[in-house]
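To start, the structure itself, in structure tokens.
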Amino acid sequence: MDVKKHLNSTKVYKELNEENREYWFFCKEKKFLHNIDTFYYSAKLEEDLTDDSKEKSVLKLRDFFEKKRSLLSGHFGGSISLYFPGCDSNLNLLPCTFAHYFTICLECPEYFDIFIAPVVPHDSSGGPSVTCEIVVQIRSYMLWMYGVHEAFERSSVYVRKICDHFGLHIAFFQENRIDYCWHSNYLSNPEKFFSPENFYRMRVDRFKDALFHTEKSGSEDFEIDYISMGKRSDKVFIRIYMKSKEVIEQNYKPWFFKVWLFNGLISRYDFYVYEECYKKRSWKYLDMARLQFYLEYGSDVSNRETCRQLISGERTMEEDVLRRFADSLTPKVHLIVNVEYQTMRKHTKSYQLVPFRDNSCRDKAKRIYDYLDNRKIIADYLTHYVFRLVQSSGDGNKSRRDYCAFWQFLRSCKMVDVNVKQSQVRLIRQYCRKLNSEVMKKRAINAAVVYGIYTRGINEDSIVQDCVEALCQLNDNDIHEAFQYKNKKVRQYNSQELAETYVSNETHKYEIVNVETGEFLSEDSLT
């Protein structure tokens, strides 16, 4: 059914006035949003970091991190906070290894990771190493909030300052891995569009096969939520999957909801439904979340009562019946599909870059800026010669057919950095904190309830009593371990992203009182 036609036929749409219809259900149809979602780059040093190096700067780096890493084994939380002069914030030294050689990992929480190889191998002839000694992974949050140019510039400052600290010199920067992605609400029925028989009629590429992942939906239907071509280790790896489902089920990156809303990919109604599913960490809660919307904003008394009973569990319906009921009351949500090309250095190093600008002033980072200037040409190459979708019928030779409409829209999408306004970055930041804190609050309350049942058996105590009892059971060891755990988590979050509170300090005015003696229970008295 046509999306607009289905929307107009739903009961909630008919019951709302024109102003509320526009407020809740407006979004841009057939919308695509492009960004670089993952960006790895590397830095080659002028110094010799092979195993027999005697350079003072190299030995200084090795000695410094050898001493720091020796502390990690006995350090609760598995990380040590380090500061390098000239950097805006501390970095966390983590006990992890990347690609065998990179045994030093410095984390800027939620923004990027810097991997350093203290020892690199000689080349095949026994000469100086051709391996880059530093690799940086910029996280998707930073790329979506600030764009790839600013993300590179801000992260590379840390790399330069670390090198300055040890007296090391950067020879050049170069790209390692870049993921090009397109988020879209174009498809209202991905199952039909990406069905194996239709997909094979449209695809033009040189990959051997495609891997499909499907999941049961109702008693007869199914949904295709993941398609991949190639291997992750290949020069190019392609994924097409349901991004909105991934965010909900993985229960991370809720800021995508705001990004999609700000860019018109979803409506406020979609945003409401996705948020409720995120709180439940369940994609299958989708239809129930739609009923929750009707219960809150619909006006038919009988339908609202049915919704209330279904949500509370007083009444049940088979999945197919529940979906048809939800379809009659509310519109289906806009599904966000992601088309993603993962490109590796062994593929991109062969590109003949066009010198659109004179980036010689960029010095060591010239290659990075030249590459980003060619972003449109590279994307056009990937979406035509590497993999493309054409019309499902026509010329017997598929490679001569025109692009299908979905692919035409994808290729015409603007190739610019997603530049989120600073005011919107702050809104997204606060939204994520609020939503995740709500999720954690529910988990804490549920844990307190279960703890009460374990310790006091089946009881009829109030929920408040369950929470208070859980706190009052804390002993010295519990307090000490909780303190260590809090310090660990504090290091794992970005201080800039959590700079201020979003709730009133009024909560700090409350204390726990012993109802029999009137004694205030402080932290000391709880142990």
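The values are calculated or read from the model by the stated rules, or taken from the named source; none is laboratory data. As the structure is a prediction and not an experimental result, all values here were calculated from the model. Cβ placement follows ideal geometry from the backbone for every residue including glycine, while neighbour counts extend to all protein chains displayed.
Can you spot a residue in segment 193-211 that is of a type in the set (Asp, Glu), out of contact with any Ser or Thr (no Cβ under 7 Å at 6 or more places or on another chain), farther than 21 Å from residue 111 by Cβ and without any contact (Cβ under 8 Å) to a residue 12 or more places away in the chain? Within segment 193-211 (the criterion being of a type in the set (Asp, Glu), out of contact with any Ser or Thr (no Cβ under 7 Å at 6 or more places or on another chain), farther than 21 Å from residue 111 by Cβ and without any contact (Cβ under 8 Å) to a residue 12 or more places away in the chain), the answer is yes, since at least one residue qualifies. Tell me, yes or no, whether segment 231-253 has at least one residue that is in contact (Cβ under 8 Å) with a residue 40 or more places away in the chain, surrounded by 21 or more Cβ atoms within 10 Å (Cβ to Cβ), of a type in the set (S, T, N, Q) and under 25 Å from residue 343 (Cα atoms). Yes, because at least one residue in segment 231-253 is in contact (Cβ under 8 Å) with a residue 40 or more places away in the chain, surrounded by 21 or more Cβ atoms within 10 Å (Cβ to Cβ), of a type in the set (S, T, N, Q) and under 25 Å from residue 343 (Cα atoms). Could you tell me which residue of segment 330-361 is surrounded by the fewest Cβ atoms within 10 Å (Cβ to Cβ), considering only residues that are among the aliphatic types (A, V, I, L, M) and over 22 Å from residue 245 (Cβ atoms)? Looking at residues that are among the aliphatic types (A, V, I, L, M) and over 22 Å from residue 245 (Cβ atoms), I get 354.
Taken over segment 321-341, the criterion of being over 30 Å from residue 228 (Cβ atoms) and not in a helix (DSSP H, G or I) is satisfied by 330, 331. Going through (1) part of a helix (DSSP H, G or I); (2) surrounded by 14 or more Cβ atoms within 10 Å (Cβ to Cβ); (3) hydrophobic (A, V, I, L, M, F, W, C) one by one, residue 59 falls short only on (2).
Screening residue 425 with (1) among the hydrophobic types (A, V, I, L, M, F, W, C); (2) under 29 Å from residue 79 (Cβ atoms); (3) exposed (fewer than 12 other Cβ atoms within 10 Å of the Cβ); (4) modelled with pLDDT of 70 or more gives one miss only, at (3).
Taking the condition in contact with a Pro (Cβ under 7 Å, 6 or more places away or on another chain), surrounded by fewer than 17 Cβ atoms within 10 Å (Cβ to Cβ) and outside any helix (DSSP H, G or I), does residue 172 pass? So residue 172 does not fit the description; no. Scanning segment 153-190 for residues that are modelled with pLDDT of 95 or more and among the aliphatic types (A, V, I, L, M) yields 157, 159, 162, 168, 170, 171, 178. Filtering 292, 250 for residues that are modelled with pLDDT of 95 or more, outside the structural domain of residue 429 (by TED's automatic domain parsing) and under 27 Å from residue 184 (Cα atoms) leaves a single hit, 292.
Among the residues making up segment 382-414, those that are surrounded by 11 or more Cβ atoms within 10 Å (Cβ to Cβ), more than 26 Å from the chain's Cα centre (by Cα) and in a loop (DSSP other than H, G, I, E, B) are 391, 392, 394, 395, 401, 402, 404.
Here is the figure for segment 109-138: residues that are free of Cβ contacts under 8 Å to residues at least 24 places away in the same chain and touching a strand residue (DSSP E or B) at 6+ places or on another chain (Cβ under 6 Å) total 1.
Taking (1) part of a helix (DSSP H, G or I); (2) in contact with a helix residue (DSSP H, G or I) (Cβ under 9 Å, 6 or more places away or on another chain); (3) over 20 Å from residue 390 (Cβ atoms) in turn, residue 159 satisfies each apart from (2).
All of (1) under 22 Å from residue 402 (Cα atoms); (2) within 21 Å of the chain's Cα centre (by Cα); (3) among the small types (Gly, Ala, Ser) hold for residue 228 with one exception: (1). Annotation note: Cβ proximity below 7 Å between a residue of segment 87-102 that is without any contact (Cβ under 8 Å) to a residue 60 or more places away in the chain and among the hydrophobic types (A, V, I, L, M, F, W, C) and a residue that is surrounded by fewer than 18 Cβ atoms within 10 Å (Cβ to Cβ) and part of a loop (DSSP other than H, G, I, E, B) (sequence gap 6+ or interchain) occurs for 94/78. For segment 14-23, the criterion of being in a helix (DSSP H, G or I), touching a residue at least 60 places away in the same chain (Cβ under 8 Å) and under 30 Å from the mean Cα position of the chain (by Cα) is satisfied by at least one residue. Against the list (1) of a type in the set (Asp, Glu); (2) without any contact (Cβ under 8 Å) to a residue 60 or more places away in the chain; (3) in a strand (DSSP E or B), the condition residue 66 fails is (3). For segment 139-153, the criterion of a residue being surrounded by fewer than 16 Cβ atoms within 10 Å (Cβ to Cβ), out of contact with any strand residue (DSSP E or B) (no Cβ under 7 Å at 6 or more places or on another chain) and either without any contact (Cβ under 8 Å) to a residue 40 or more places away in the chain or not in a helix (DSSP H, G or I) (or both) is satisfied by at least one position.
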